[in-house]
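Undergrad: Okay, handing you the structure first.
The values are calculated or read from the model by the stated rules, or taken from the named source; none is laboratory data. Since the model is a prediction, treat every value here as computed from it, not as a measurement. Note: ideal-geometry Cβ built from the backbone for every residue, glycine included; neighbour counts use all protein chains shown. Only protein heavy atoms, including side chains, enter the accessible area calculation; ligands, DNA and RNA are left aside. Shrake-Rupley method; radii C 1.70, N 1.55, O 1.52, S 1.80 Å.
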Amino acid sequence: MQSFALSTIFILISLSSLSIVVSSSKPLNPCNDDFLHIQAYKQMQNQTNTTQCKKLSSLQAQFAWNYHKTSHNQTQLNILIGTKLITTTGWLAWGINPDLPRMVGTRAIIAVKVPSQITPSVNTYNITKDIQLGCKLQPSGIDFMVQNMTVVDDKDVGFFSVFATLVLPQRYNVSSLNHVWQVGYCVDGLEPKMHEASLGNLDSKEILDLETGDCQNIGQHRRHMRKVHGILNIIGWGTLLPIGVIVARYFKQFPIKLDPCWYYFHYSCQVVGYILGTAGWGLGLFLGHESKYYTFHSHRVLGICIFGFTTLQILAFQFKPTQEDEYRKHWNVYHHFLGYALLVMIPVNIYKGIKLLKPDNITWKWTYNGILVLLGVVVLAFEILTWAVFLYKKCCKKTVEESSPRRVEIEEDSKGQTNEGSSPRKTEVEE
């Protein structure tokens, strides 16, 4: 069992390392035709034939840029970012961070559209830690020059886009530019309010090489880790633990008795499922720590409870009383109650995790639906078998009782048949 645990940890580390390698350098994903027909993009192409365009990894955003060095050794960068913002109220933000690929510390350009204004407004903003804690987001100057800020709300192609020209000082490295983007749907006057706390919003950041278009997608790396987290928990907690319960219920004594094989299989399913589920749970805690401003409270709390309850179930195997022990019946009640409680909590939490993956959660949802349906069909089949065997045995027992010989006592008259003082003779009469 220790060697299996080590193997599991090795596989987990290998998968995580592979995700880092895969996401470390990602080539261009070309923009679609609707975005390429925006007038601002055509103007950028007319200025220079070095304009590059790519789909960003989240929020349906697409990004185009070109740049050149100025005589003062600065970088003049033209950018165009757009997304499908089809609501009447909302905002689109794009910015760069001189230090890290994150929202705090970003120098941002934010365009806001509201129904009361024909032309959307656009301004520069400094995104500080206070903003994420709930302070008002107000326009402010930033540490580089921004010119020609323009907002285009093209309803024909459905893109809401922002164009701007940036003059970047030398501290901004064009070969590894930390850029972030966001989309929100809540506005107070012209003040952008907090965007959704979805995984798409969390992943909207990357390190971009302006010259080659290659990027280190921080969000992509986290998506790979989430896949590992989900696979481990679905297999471990969501599949193997229920299989262990099915084995214990239907192969212990009734309707099929496989003693002691059922116990070894039950124990193996529980231990292997616990190891895989715990590895996935630990990876989930790491992902939660990495996104401290995005907390999925109910998913996290249920995960901690499931880990605690499964740990108690595994420990229960080590402290199980003997059959003759007077506390065995209390242990059975505790063990069964906790097991069936886990059978309810685990699917609920898995579906909560799958819901967080939207809009890319269809495959996950149908896969787990299939697993639950398969387990449900197996349980239903065994329940039918259990009741069929029970009713059959009950019917057979009743038939045997009705057809068995009945012993009756007949006391014969002692006259001329028994000696004086002898006991009455018992004869067997068969009906």
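Undergrad: First check a/c for the stretch 109-183, with a ≥ b ≥ c the square roots of the eigenvalues of its C-alpha gyration tensor; if it is under 1.5, answer rounded, and if not, answer prolate when a/b is larger than b/c or oblate otherwise. Before the final figure, lay out each step's value.
TA: Values: a/c = 1.93, a/b = 1.30, b/c = 1.49.
Cα axes put the stretch 109-183 in the oblate bin.
Undergrad: Would you please give the FRET efficiency between L100 and K393, computed as 1/(1 + (r/R0)^6) with r the Cβ-Cβ distance and R0 = 60 Å, to the nearest 0.05?
TA: With a Förster radius of 60 Å, E is 0.30.
Undergrad: What size of dipole, in debye to the nearest 20, comes out for the stretch 36-216 about its Cα centre when the only charges are +1 on Lys and Arg C-beta atoms and -1 on Asp and Glu C-beta atoms?
TA: So the magnitude is around 100 debye.
Undergrad: Rank Y274, Y340, Y125 by accessible area, highest first, at a 1.4 Å probe radius?
TA: Y340, Y274, Y125
Undergrad: Also, quick follow-up: Whenever you get a sec, compute what percent of the accessible area on the stretch 306-407 sits on carbon and sulfur atoms (1.4 Å probe).
TA: Numbers: 5170 of 7390 Å².
With neighbouring chains kept in place, the figure for the stretch 306-407 is 70 percent.
Undergrad: Then there is this: Taking Cα centroids, how far is the stretch 110-181 from the stretch 57-87 in Å?
TA: Spelled out, the Cα-based centre of one part sits 10 Å from the other.
Undergrad: Report K358's accessible area, 1.4 Å probe, all protein chains in place, as a number in Å² to the nearest 10.
TA: 120 Å²
Undergrad: On to the next question. Which value, in debye to the nearest 20, gives the size of the charge dipole of the stretch 220-396 about its Cα centre, when Lys and Arg are +1 and Asp and Glu are -1 at the Cβ?
TA: On the way: 18 positive and 7 negative charges, 105 e Å.
About 500 debye.
Undergrad: Any idea which of W331, G238, V389 is furthest toward the positive side of the dipole for the stretch 220-396, if Lys and Arg beta-carbons carry +1 and Asp and Glu beta-carbons -1?
TA: Working it through, the farthest residue towards the positive pole turns out to be G238.
Undergrad: I'd like the accessible area for W387: 1.4 Å probe, protein heavy atoms, all chains in place, Å² to the nearest 10.
TA: 150 Å²
Undergrad: Right, next: Between beta-carbons, use under 15 Å as the cut-off and find the net charge around P115, counting Lys and Arg +1, Asp and Glu -1.
TA: 0
Undergrad: Full-extension gain between S175 and N49, please, as 0.36 nm times their residue separation minus the C-alpha to C-alpha distance.
TA: 43.4 nm
Undergrad: Follow-up question, since we're still on this one. Count the net charge of all other residues whose Cβ sits under 15 Å from the Cβ of V183, scoring Lys and Arg as +1 and Asp and Glu as -1.
TA: +3
Undergrad: Something else about it: Between T212 and N148, what is the label-point separation in nm under the 7 Å Cα-to-beta-carbon projection?
TA: 2.8 nm
Undergrad: To the nearest Å, what is the center-to-center distance of the stretch 192-265 and the stretch 322-345, using C-alpha atoms only?
TA: Comparing the Cα centres of the stretch 192-265 and the stretch 322-345, I get a distance of 28 Å.
Undergrad: Quote the accessible area belonging to V344 in square angstrom, nearest 10, computed with a 1.4 Å probe and with ligands, DNA and RNA left uncounted.
TA: In the full protein context, V344 sits at about 100 Å².
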